[in-house]
Amino acid sequence: RSLYFKIALFRWMNSTVVYLGLTPFTLTLQGDVTKGHGIIPKMFGQFCMNMVVSNSIRLSDIGGHIRRHIKAPRQKTQHAMNICFQGSANELAERYSDMSMIVFMAIFYSSIFPAGFFLCAINLTLKYFVDKFNL
């Protein structure tokens, strides 16, 4: 529980409140995607980066592939080989804080960026299927 609260607070602050503090108030509602000013293009980019980067990192599982394909065939015993085929460790607090960060971003900026709810739904659906594949 303690780990979840620490990670969630850190992610909520870095993903939402920092953008609000760094953007001048006069550019808050500016939605010029080509220039990248304002909160709306930044939040759109944040949702898209979260969809692409975090899911692709979870899907690639570089350490797991190295253990299964390089280390496992070189083990001396069957027991040592079976240990190499175990899945990667999943920290439940990290997964829950990641999902709560996405929902928090959508709710926090819902008044000026209502499309965030659709991006939130797509992002959570992708995370569900990626986690299901990884497990």
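The values are calculated or read from the model by the stated rules, or taken from the named source; none is laboratory data. These figures come from a predicted structure and were not determined experimentally. Cβ: placed from backbone, ideal geometry, glycine included. Neighbour counts: every protein chain shown. SASA here: full protein model, heavy atoms, side chains in, ligands and nucleic acids out. Shrake-Rupley method; radii C 1.70, N 1.55, O 1.52, S 1.80 Å.
Below are the figures for this structure:
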{"item": "Mean separation of Cα contacts under 8 Å (6+ apart) over length of the chain, as relative contact order %", "result": "32"}
{"item": "5 angstrom amide H check on HIS37, placed H, neighbours 5+ away", "result": "ASP32"}
{"item": "Segment 70-81 - phi-based ³J(HN,Hα) in whole Hz, Karplus 6.51/-1.76/1.60, Gly and Pro as x", "result": "10, 7, 4, x, 9, 6, 7, 10, 5, 4, 5, 5"}
{"item": "Span per principal axis, largest first, for the Cα atoms of the chain (Å)", "result": "66, 35, 23"}
{"item": "Student exercise, the chain dipole from Lys, Arg, Asp, Glu Cβ charges, in Debye to nearest 20", "result": "580"}
{"item": "Carbon and sulfur %, accessible surface of segment 1-130 computed with the full protein complex present, 1.4 Å", "result": "71"}
{"item": "³J(HN,Hα) computed for each position of segment 127-135 - Karplus, 6.51 cos²θ - 1.76 cosθ + 1.60, integer Hz, glycine/proline x", "result": "5, 4, 5, 5, 5, 5, 5, 5, 6"}
{"item": "Listed residue (GLY64, TYR19, SER2) projecting farthest to the positive dipole end of segment 1-104, Cβ model", "result": "GLY64"}
{"item": "³J(HN,Hα) computed for each position of segment 45-51 - Karplus, 6.51 cos²θ - 1.76 cosθ + 1.60, integer Hz, glycine/proline x", "result": "x, 5, 5, 5, 5, 5, 5"}
{"item": "Average accessible area per residue (Å²) across the chain - probe 1.4 Å, nucleic acids and ligands excluded", "result": "66"}
{"item": "Loop-exposed trypsin sites (Lys or Arg not before Pro) per DSSP, neighbour cap 11 Cβ within 10 angstrom, longest uninterrupted part of the chain", "result": "77-135"}
